[in-house]
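Nothing in this text is a laboratory measurement; each read-out follows from the coordinates by a stated rule. Fair warning: this is a prediction, and the values are worked out from it, not measured in the lab. Note that we place each Cβ from the backbone using ideal geometry, even for glycine, and neighbour counts take in every protein chain shown.
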Amino acid sequence: MPDAMVAARVSEAASGTTQQVDVAVVGAGFAGLYLLHRLRKAGFTTAVLEEADDVGGTWYWNRYPGARCDIQTIDYSYTFDPELESAWKWSEKYATQPEILRYLGFVADRYDLRPDIRFRTRITAATWDQAVERWLLTTNSGATVSCRYYIMATGCLSSPKPPEIDGVKDFKGEIYFTSRWPREEVKLAGKRVAVIGTGSSGIQAIPLIAEQAAHLTVFQRTPSFAIPAQNGPPPADRVALLKSDRASYRAQARDSLAGVPWPLSTVVSWQLSDAERRERFETAWAAGDLIYILTQLWADQGVDFEGNAVLADLVREKIREIVKNPETAAALTPHDHPFGAKRPCLDTNYYATYNRPNVTLVNLRQEPIKSITASGIKTDKRTADLDVIVFATGFDAMTGAIRAVHPITGRGGKSLSDVWTHGPQTYLGLTVAGFPNLFMITGPGSPSVLSNMAVSIEQHVDWVVDRLIAMREAGFTTIEATETAQAGWAQHMADCSTLTLHRLANTWYTGANVPGKAQGVMPYPGGVGPYRSICNEVVSHNMLGFRLTGPNGAEQCNDGQIVRLQPDVRLVLNMLADMKLPPLECFGAQGARDFLAAFNAARPAGRPVGDVVDGTLTVTGGSLPYRLYRPATPGPHPIVVYFHGGGWVLGDQVSDEPFCRDMCRRSGMIFVSVGYRHAPEHRFPTAAEDGYAATRWIAEHAADLGGKPGPVMVAGWSAGANVAAVTCQLARDRGGPQISGQLLVCPVTDCTFDRPSYNDNATGYFLTRSLMFWFWDLYCSPADRTDPRVSPLRGKLQGLPPAFVTTCEFDPLRDEGVAYAEAMSAAGVPVEQLKARGHFHTSMTMVDVVITGVSGRVQMADALRRFAGLPPAWREGDVGFRPSQVVAPHEIASAAE
Ligand SMILES: Cc1cc2nc3c(=O)[nH]c(=O)nc-3n(C[C@H](O)[C@H](O)[C@H](O)COP(=O)(O)OP(=O)(O)OC[C@H]3O[C@@H](n4cnc5c(N)ncnc54)[C@H](O)[C@@H]3O)c2cc1C
C-alpha cells in the first residue's frame, strides 16, 4: 500500500476525541522513525507521539558542546535501505550531535514521516482494556489515543537523572543539563564554570568547556575509563571494507557481539607475551575505537578478571603518562571496576585538559559536596564561586522513560511499576507477561546499551513488525509473553551476567546510579548476534513463550523457556553444529585419536602453572607415561591422580591439559595425569587395572614427585572418572593405597542405557548415545559389562573415600552420575553433588571456552582442598563465581541452581 494512502487512513485527533490507530508508537528517535516507516509500509495505521517538537530523540535533546556518537558513524546508521545509505555521507568518524540530528531529519523527510508524528505530546499513562483488546493512552494535553498495539520507543537514555544535591534552586547563576542543553548558544567565555559528573557526556563536554571558561572546576564522584577517539574523517580502511561488500559488512555486524563487524577474538591474554600485549594495546589506543579495544585485544578481557586487569593497568598507565599532576592523575584513575564493566568513554583531549592552568579537579570521594549556594558549590574543604553549573549526571537508564509513563495498567489491573518493584522483568527485553500487545524497543533484557544501538533497534523493529504482520495473517489479535518464558529469560540473563564482568561494577547498567533503584544487570550481556538468533528461534519454535489469541476463541500457546543452555555452551554447540563434523565413530579408533589430537593442538594449553614434568611410571606388564602439573606455590603439595576422558579409546596424559592446569592452579595441588592404555588394543579391564596400578605407584613415589607423602586423591572426567571411581573400589579392596577423596566429573558408572538422560540428550550435545555405544563396544564385551571394574555402580560402595560428583544437565551420562552419587551416599559415603544446569558433557573441561564452568571448577577445587584438609583457596577473579556457603555433604551444590 502506498505510504500516502496509509497516512490518509489515520484518523487525526480532533481536540477532545480519541484517535484510533492500529499501532501507537511513543518516541521519534532512531527507533520510532524506523517503526513508523515499517508499520506504514505494512499497512498498519500508526501514530507516533513525541514529547519534543521535532524528531531525533537522543540527538534532539543532547546538544551539549562535544556531543558525539561513540560508535563509528558508518556503523551507527540505518541499514534497512541501501539507497538511504548511498544518499547520505558522514563527514566524520564520530559525527557530532548536529550532524546526527540532521541525518535523522533527513530520514524523516525522505520517508515523509512527519505527518504521522504528533510532536509536543507526552504520554502520561496507558491502560489495557481487555474487553476491546486495545490500549488507551493518555497524553499531557488530555487527548487520548486508542491502539491495538502500543510500542514504547522511549529510549534507554532519555530520562535524565535529577541532581541529588541540596540547594540547586538557590543558585543564582546559570544552570544547564547536558541532557537538556538549550538550542541557543550558551556563552561560557570568561565565566567560572563547574561540571558535575564525569561519565560519557561530562568527558565529551569538559575539554570544550575548559577552552572557553575563565576557570573550570570538575566535580568527580567516580572516575571513568576513557580512550582517545582519534577523530577525523571516516577511516579509509573501514569505508573501503563497507563499500567492497556492503551487504556482508552489515550482515557481519548483525551477527557480531556488539553490532560492529569485528571478528571474534580467540587469543587469550596469557598466550601473549608482555610485548605482544603492549603492541596490541598501543594499536588499539591509536585506533580510537571502543568496540575494537573491547573485543579485539584478547578474548578473556571481558570475561576474566585477570585478563581484564592487564588491560585496565595499561589504560591506567596512559592516564599517569598524560596527566602531569600525580595527585590529579590518581584521582582520575578508576580502580573500582574492571575495564568495560562500565561503559568506557571516548574522549578528545580529556585527560590532557587537566594539565590546563584553568582547570581544577575536585575528588568528591575525598571532599563530598555539602551544598549548592547562591554563589557556588561548597565541599568539606572548599567553596567554589561560580557563574555556571553544568550537570552531566546521566540518566535513569533503561527503565526511566518506561516507568515515567505511570501507570501502565495491564491485564487484570496490574501496574507495571508493581510488577517491576524488584527490577525489570521482561521476555527478550521486548514484552512483559501480563501486558498484552505492549512492546518495548531496546527494553531492559535486550542488548541495547551494550551494543551499537542502531543495529539493535533495527533488529527489534523488524522482529516486532514481522510478528504483527504474521499475527494479522494468522487471524490473531493479541500477543503476550508467558510467565514461564519470562522467568526463563531472567535466568538466561543471570547466566549471561555471570559470564561477563558487568556484575562486578556498580554502574548505570545495573541501576546503581539511581538511589533506591533495584539493582541488577539490565542490558542483555549475551551479544547482539546470539540475541538475534534467539529471537529467530522463538519464531521458528512456533512463538515459544507467547500466548496468541484471536476472535472466535482462536488461541495458540507454545509455553516454555527459549534458552536452557548456558550462553557459552550454546555458542560452542552452535559452532560445532556449523562445522557439520561427521560422527567421531565414523573415523575408526585411530582416525578419531588423530582427529582429537589435531583438535587439541589448535587449543591453547592453558594458563601457566609452576612446573610441567613428563615422566614414566611402572605398572604390571609395562610402563605408562604421565604428565605432572605443579603449582607455583611452595610445596610439598597434596597429589591428585588424574584420569583423562575419551571413552577408554581416545585421549592421553596431555589431552585434558587445560583442565589439569586450571585445577592445579585453583586447588594448589599437584595433578598427575596418567596415560593409561586404550581399547581396542587393550580391552577391559586394562584401563581399570592401569588406573589402580598408577595410583599405587604415584602414592609410593609421592615424595620423589615433590608431593606430600600420605594419602592421594583421584580425579577423572568421563571414562577417566570411571577409572577413578573403580580405582577407589580396588584400593579399598586390595589394601591401599590410601585415597582421601575422589572427584568424578561426568562419570561413566553403569552399563544401563535406558535412563532418561540417555534419551533426552541422545544427540545434539557433542557426546551422543551412539558414540557411547561405540566406546563400550570397543572396550568391553557385553558379558563383562556388569563387572564393577567397569560398572562401579554395581560394586560394593561402603567404605569408599569421600566423593564430589559433577553431572551436567545435557549429558547422556547425567543420570548414571547422579545414581552413583546417590548410591554412595546411601552406603554412608560422604558425597557432594554438583548438578551443572545448562551444561553439557565437555563443559567443565573446555576451560578456555566454557567460562560458565568456572563456578563448577571453583567448587571442585574447593572439594579437593576439603579432602586434603585445607581451607578453600581464594582468588580475586572468582568473585561472583564462588557460592556463598561451603556446600554440606549430600547437598546439591550447583551455583546455577
Ligand atoms: C550523548 C549520547 C550519546 C550516545 N551515543 C551513542 C552511540 O554512539 N552509539 C549508540 O549505539 N548509542 C548511543 N547512544 C544511545 C542512544 O540513545 C541510542 O543510540 C539511540 O539514539 C536511541 O534511540 P531511541 O529511538 O531508542 O531512543 P531516543 O533517541 O532516546 O528517543 C526516545 C524519544 O522518546 C521520547 N519520549 C520518551 N518518553 C516519552 C513519553 N512518555 N511521551 C512522549 N515521548 C516520549 C523522547 O522525547 C525521545 O525523543 C547515545 C546516547 C547519548 C545520550
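Can you flag which of Lys342/Lys580; Lys89/Lys324; Lys324/Lys517; Lys41/Lys243 are past 32 Å Cα-Cα? Display every interim value, and only then the final one.
Numbers: Lys342/Lys580 38 Å; Lys89/Lys324 39 Å; Lys324/Lys517 38 Å; Lys41/Lys243 28 Å.
Pairs exceeding the cut-off: Lys342/Lys580; Lys89/Lys324; Lys324/Lys517.
Determine how many Å³ per residue the convex hull of the Cα atoms of region 463-546 encloses. Working shown, then result.
Details: hull volume 10.2 nm³, N = 84.
Value for region 463-546: 121 Å³ per residue.
Can you give the translational diffusion coefficient of region 712-751 in µm²/s, computed by Stokes-Einstein from the Kirkwood radius over Cα pairs at 37 °C and 0.692 mPa s? It would help to have the intermediate numbers written out before the result.
Numbers: Rh = 9.9 Å.
Here the translational diffusion coefficient equals 332 µm²/s.
Among Pro551, Val514, Leu565, which residue has its Cα furthest toward the positive end of the charge dipole of region 504-640, with +1 on Lys/Arg Cβ and -1 on Asp/Glu Cβ?
Val514
Just going by the charge dipole of the chain, with Lys and Arg at +1 and Asp and Glu at -1 on Cβ, which of Asn600, Met844, Ile123 is farthest out on the positive end?
Going by the charge dipole, the pick is Ile123.
Full extension from Cys586 to Asp166: what is 0.36 nm times the residue separation minus their Cα-Cα distance, to one decimal in nm?
Details: separation 420, 0.36 × 420 = 151.20 nm, distance 7.40 nm.
Working it through step by step, the gained length comes to 143.8 nm.
Which ordering of Val239, Val563, Val464 is given by a fewest-first count of other beta-carbon atoms within 10 Å?
Values: Val239 16, Val563 21, Val464 24.
Fewest-to-most Cβ neighbours within 10 Å comes out as Val239, Val563, Val464.
Determine how many Å³ per residue the convex hull of the Cα atoms of region 36-187 encloses.
Convex hull volume per residue, Cα atoms: 165 Å³.
Using a Förster radius of 45 Å, what is the FRET efficiency between Lys796 and Arg411 based on their Cβ-Cβ separation? Nearest 0.05, please. Could the numbers behind the result be given before it?
On the way: r = 59 Å, r/R0 = 1.32.
About 0.15, to the nearest 0.05.
Any idea what angle helix 200-212 forms with the longest principal axis of the chain, computed on alpha-carbon atoms, 0 to 90 degrees, nearest 10?
Once rounded, one gets 50 degrees.
Extent of the chain along each principal axis, from alpha carbon coordinates, in Å, largest to smallest?
93, 74, 51
What ranking do Met522, Met713 get, fewest neighbouring Cβ atoms within 10 angstrom at the top?
Details: Met522 31, Met713 28.
Going from least to most buried by this count: Met713, Met522.
Whose amide H sits under 5 Å from the amide H of Val831, counting only residues 5 or more places off or on another chain, with H placed in the peptide plane?
Those qualifying (amide H under 5 Å, at least 5 residues apart or on another chain) are Ala803, His890.
At most 12 other Cβ atoms within 10 Å and a DSSP loop assignment: could you name the GluC sites (Glu not before Pro) in region 472-526 that fit?
On the way: sites: Glu473, Glu480, Glu483; in loops: none.
Qualifying residues, ordered by number: none.
Considering only DSSP states other than H, G, I, E and B, which trypsin sites (Lys or Arg not before Pro) in region 186-223 qualify as loop sites with at most 12 other Cβ atoms within 10 Å?
On the way: sites: Lys187, Lys191, Arg192, Arg221; in loops: Lys187, Lys191, Arg221.
Answer by residue number: Lys187.
Relative to the first principal axis of the alpha-carbon coordinates of the chain, what is the inclination of helix 483-499, with its axis defined by its Cα atoms, in degrees from 0 to 90 and to the nearest 10?
70 degrees
Once phi is turned into θ = phi - 60°, what whole-Hz ³J(HN,Hα) does the Karplus curve with 6.51, -1.76 and 1.60 give for every residue of region 156-163, x standing for Gly and Pro?
3J(HN,Hα) across region 156-163, in whole Hz: 7, 10, 10, 10, x, 8, x, x.
Tell me, what ³J(HN,Hα) does each residue in region 689-700 have, in order and in whole Hz, if you take phi through Karplus 6.51 cos²θ - 1.76 cosθ + 1.60 with θ = phi - 60° and put x for Gly and Pro?
These are the phi-based 3J(HN,Hα) values: 5, 4, x, 5, 4, 5, 4, 4, 4, 5, 4, 5 Hz.
Note down the net charge around Met543, summing +1 for each Lys or Arg and -1 for each Asp or Glu among other residues with Cβ under 15 Å from its Cβ. Could the numbers behind the result be given before it?
Numbers: positive: Arg467, Arg472, Arg547; negative: Asp466, Glu473, Glu480, Glu537, Glu555, Asp559.
Overall, the nearby charge balance is -3.
For the modelled label position 7 Å from the Cα of Phe80 along Cα-to-Cβ, which residues of region 105-135 have backbone nitrogen atoms closer than 14 Å?
107-114
Within 14 Å, Cβ to Cβ, of Pro444, how many net charges do the neighbouring residues add up to if Lys/Arg are +1 and Asp/Glu are -1? All intermediate terms of the calculation are to be shown ahead of the outcome.
Working: positive: Arg403, Lys517; negative: Asp396.
Net charge around Pro444: +1.
Select from Gly828, Ser757, Thr373 the residue farthest towards the positive end of the dipole of the chain; place +1 on Cβ of Lys and Arg, -1 on Cβ of Asp and Glu, and compute about the Cα centre.
Result: Thr373, furthest along the dipole toward the positive end.
Can you tell me the 0 to 90 degree angle between the C-alpha axis of helix 528-540 and the longest principal axis of the chain, rounded to 10?
Helix 528-540 sits roughly 80 degrees off the main axis of the chain.
Multiply the residue gap between Val267 and Asp462 by 0.36 nm, knock off their C-alpha separation, and tell me the result in nm, one decimal place. Don't skip to the answer; put the middle values down first.
Details: separation 195, 0.36 × 195 = 70.20 nm, distance 3.44 nm.
Extra length available between Val267 and Asp462 comes to 66.8 nm.
In debye to the nearest 20, how big a dipole does the chain give about its Cα centre with +1 on each Lys and Arg Cβ and -1 on each Asp and Glu Cβ? Can you show the working numbers first?
On the way: 85 positive and 93 negative charges, 299 e Å.
Roughly 1440 debye for the chain.
To the nearest Å, what is the center-to-center distance of region 151-215 and region 24-90, using C-alpha atoms only?
Value for the Cα centre distance between the two parts: 24 Å.
In square nanometres, what is one fourth of the surface area of the convex hull spanned by the alpha carbons of region 231-370? Let's see the in-between values first.
Values: hull surface 43.8 nm².
Quarter of the Cα hull surface area: 11.0 nm².
Under a crude label model (7 Å from the Cα following the beta-carbon direction), how far is Ala826 from Arg183 in nanometres?
7.9 nm
At 0.36 nm per residue, and after removing the present C-alpha to C-alpha distance, how many nm does the segment from Thr752 to Thr17 gain when stretched out fully? Mind dumping the intermediate values first?
On the way: separation 735, 0.36 × 735 = 264.60 nm, distance 7.20 nm.
Full extension from Thr752 to Thr17 adds 257.4 nm.
What FRET efficiency comes out for the pair Glu211/Ala330, r = Cβ-Cβ distance, R0 = 22 Å, nearest 0.05? Please report the intermediate quantities before stating the final value.
Working: r = 25 Å, r/R0 = 1.13.
Taking R0 as 22 Å, the efficiency between Glu211 and Ala330 is 0.30.
Kindly state, as a whole number, the per residue volume in cubic angstrom of the convex hull around the alpha carbon atoms of region 323-394. Could the numbers behind the result be given before it?
On the way: hull volume 9.4 nm³, N = 72.
Convex hull volume per residue, Cα atoms: 130 Å³.
Given labels modelled 7 Å from the Cα in the Cβ direction, how far is it in nm from Asp109 to Ser770?
Placing both labels 7 Å beyond Cα along the Cβ direction yields 6.3 nm.
Scan around Ala95 for amide H atoms under 5 Å from its own, H built in the peptide plane at 1.01 Å from N, and keep only partners 5 or more places away or cross-chain.
Cys69, Thr73
Using the Karplus curve 6.51 cos²θ - 1.76 cosθ + 1.60 with θ = phi - 60°, what ³J(HN,Hα) values do you get for each residue of region 17-33, in whole Hz, with x for Gly and Pro?
9, 9, 6, 9, 9, 5, 10, 10, 10, 9, x, 10, x, 3, 6, x, 5
List the residues whose amide H sits under 5 Å from the amide H of Glu133, counting only those 5 or more places along or on another chain, with H placed 1.01 Å from N in the peptide plane.
Correct list: empty.
Modelling each spin label as a point 7 Å along the Cα-to-Cβ direction, I'd like the Ala783/His701 distance in nm, to one decimal.
3.6 nm
Throw me the Rg/Rh for region 416-527, computed over C-alpha atoms with Kirkwood Rh, two decimals. Show your work: numbers first, answer last.
On the way: Rg = 14.6 Å, Rh = 14.8 Å.
Result for region 416-527 is an Rg/Rh of 0.99.
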